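Peer 1: Sharing a structure below in structure tokens format, with a few things to ask.
The values are calculated or read from the model by the stated rules, or taken from the named source; none is laboratory data. Since the model is a prediction, treat every value here as computed from it, not as a measurement. Ideal geometry is used to build each Cβ from the backbone, glycine not excepted, and the neighbour counts take in all protein chains shown. Please note that ligands, DNA and RNA were not included when accessible areas were found on the heavy atoms of the full protein model with its side chains. Shrake-Rupley method; radii C 1.70, N 1.55, O 1.52, S 1.80 Å.
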Amino acid sequence: MTPYLKRYWQLYALISLPLIYFVIFRYGPMYGVQIAFKDFNLFQGIGGSEWIGFDAFREVFGMRDFYTTLRNTFMLNFLDLIVSFPAPIILAIMLYEIRFKWFKKLSQTILYIPHFISWVIIGGIVYQLFGNQSGMVNGVLESMGLNPIPFLTEKNPWLVTYLFTGVWQSAGWGTILYLAALTGVNKELFEAAEIDGATRLKKIWHITLPSIKPTIVTLLILNLGHMVTIGFDRPYIIGNTAVREYSDVLSTFVYRMGLESGQYTLATVVGLFQAVVGLIFVLGSNYISKKVTGEGIL
């Protein structure tokens, strides 16, 4: 044991816990990736199943549903990036500018709460608010003599409902990293800018935003890496057969193939495809970011 390791063994003991977690729950399951190259039989197991090479990949890439769900995944993630990504940045700056501490803490608490609500419960709230027949919003519109809006049964209104439900659920929690970055901003910069006659908007533009630029770039790169992966809960719970042309994504496709149909090989192929393309997106966006802004994560 080296003197350095002996001296700081407590730090190595602390870091060993997340390392063990990643080895067991992240790298360990990679053993199952070979299912994508086998005619997997649940009773024979991974080792006993017949090797079929890339036949399953050809089958998946020949499915029309695969390209429909891939298109929807890209579309929803891209729109989420445009709508949801700036929301926590704007919220964090607004919270940072609040001078009354009690109001700031109250606002943060209210904004964080949606993150801890299950998507099943959020789905119930969405149907209670925006349902065609019993929805509160349409009930108010009808009482005012206006036509009800098909929030959940037509593609474009459903898309707007989907996006803004996601903003409501995630924006508050997303402010944490930006607020943490803002705490490191030198207060003297704001004082100097104020002496020079800078308005609040100019201080935000020239001091606040540049100070959190590395955090924004890092999170943007990570978000771009998830362009091919999408959560199962939101599209599955808020979606329905009437809007399946938009709500059917790769995660619901994997669910149908793997759990409903028992085609584990095809489901694994899609999962492996998502992982490889996601890695390419992360490396590509990191490379472009370094060339354009000089900031990156790798």
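Peer 1: Once you've got the GNM for the chain with C-alpha springs shorter than 10 Å, pick whichever of ALA242, ALA198, ALA13 has the biggest mean-square fluctuation.
Peer 2: ALA13
Peer 1: Which percent of the accessible area of the chain is formed by carbon and sulfur heavy atoms (probe 1.4 angstrom)?
Peer 2: Roughly 67 percent, rounded to a whole number.
Peer 1: Let me ask something additional. Of all trypsin sites (Lys or Arg not before Pro) in region 51-144, which ones are in loop regions per DSSP and have a Cβ with at most 15 other Cβ atoms within 10 Å?
Peer 2: Counting only loop positions with at most 15 other Cβ atoms within 10 Å, the trypsin sites (Lys or Arg not before Pro) in region 51-144 are ARG99.
Peer 1: Considering only PRO88, PRO29, PRO214, give the residue with the highest GNM mean-square fluctuation for the chain, with springs between Cα atoms whenever their separation is below 10 Å.
Peer 2: PRO29
Peer 1: Per the Kirkwood formula on distinct C-alpha pairs, the Rh of region 156-276 is how many angstrom?
Peer 2: By the Kirkwood definition, the hydrodynamic radius is 18.0 Å.
Peer 1: For the chain, with a Gaussian network of springs between Cα atoms less than 10 Å apart, report the residue from GLY166, GLY45, GLY174 with the top mean-square fluctuation.
Peer 2: GLY45
Peer 1: For PHE40, which sequence-distant residues (separation of 5 or more, or a different chain) have an amide H within less than 5 Å of its own amide H, given hydrogens modelled in the peptide plane?
Peer 2: Placed amide hydrogens put THR265 under 5 Å from PHE40.
Peer 1: Let me ask something else. Mean residue ellipticity at 222 nm from the helices of the chain, using -39,500 (n - 2.57) per DSSP H segment of n ≥ 4 over the full residue count, to the nearest 500 deg cm²/dmol?
Peer 2: Rounded to the nearest 500, it is -20000 deg cm²/dmol.
Peer 1: Using the Karplus curve 6.51 cos²θ - 1.76 cosθ + 1.60 with θ = phi - 60°, what ³J(HN,Hα) values do you get for each residue of region 261-270, in whole Hz, with x for Gly and Pro?
Peer 2: Computed from phi, the couplings for region 261-270 are 9, x, 8, 5, 5, 5, 5, 5, 4, 5 Hz.
Peer 1: Apply the Karplus curve 6.51 cos²θ - 1.76 cosθ + 1.60, θ = phi - 60°, to the phi angles in region 134-149 and return the couplings in whole Hz, x for Gly and Pro.
Peer 2: 10, x, 5, 5, 5, x, 5, 4, 5, 5, 8, x, 9, 6, x, 9
Peer 1: Tell me, what is the FRET efficiency for ILE15 and ILE46 to the nearest 0.05, using R0 = 30 angstrom and their Cβ-Cβ distance as r?
Peer 2: 0.45
Peer 1: Once you order the gyration tensor axes a ≥ b ≥ c over the Cα atoms, which shape class does the chain get: rounded for a/c under 1.5, otherwise prolate or oblate by comparing a/b with b/c?
Peer 2: oblate
Peer 1: Enter the accessible area per residue of the chain (Å², integer; probe 1.4 Å; all protein chains in place).
Peer 2: Roughly 62 Å² per residue, with all protein chains present.
Peer 1: May I ask you to work out the translational diffusion coefficient for region 70-221 at 37 °C, viscosity 0.692 mPa s, via Stokes-Einstein with Rh from the Kirkwood sum over Cα pairs, reported in whole µm²/s?
Peer 2: Using the Kirkwood radius from Cα pairs, D works out to 183 µm²/s.
Peer 1: Could you list the GluC sites (Glu not before Pro) in region 202-298 that lie in coil according to DSSP, counting only those with at most 11 other Cβ atoms within 10 Å of their Cβ?
Peer 2: Those that pass, being in a loop and sparsely packed, number zero.
Peer 1: Are there chymotrypsin sites (Phe, Trp or Tyr not before Pro) in region 38-68 that DSSP marks as loop and that have at most 10 other Cβ atoms within 10 Å, and which are they?
Peer 2: Sparse-neighbourhood loop chymotrypsin sites (Phe, Trp or Tyr not before Pro): PHE43.
Peer 1: So, one more: If the limit is 23 Å between Cα atoms, which of LYS202/LYS290; LYS104/LYS203; LYS105/LYS202; LYS104/LYS187; LYS203/LYS290 go over it?
Peer 2: The answer is LYS202/LYS290; LYS105/LYS202; LYS203/LYS290.
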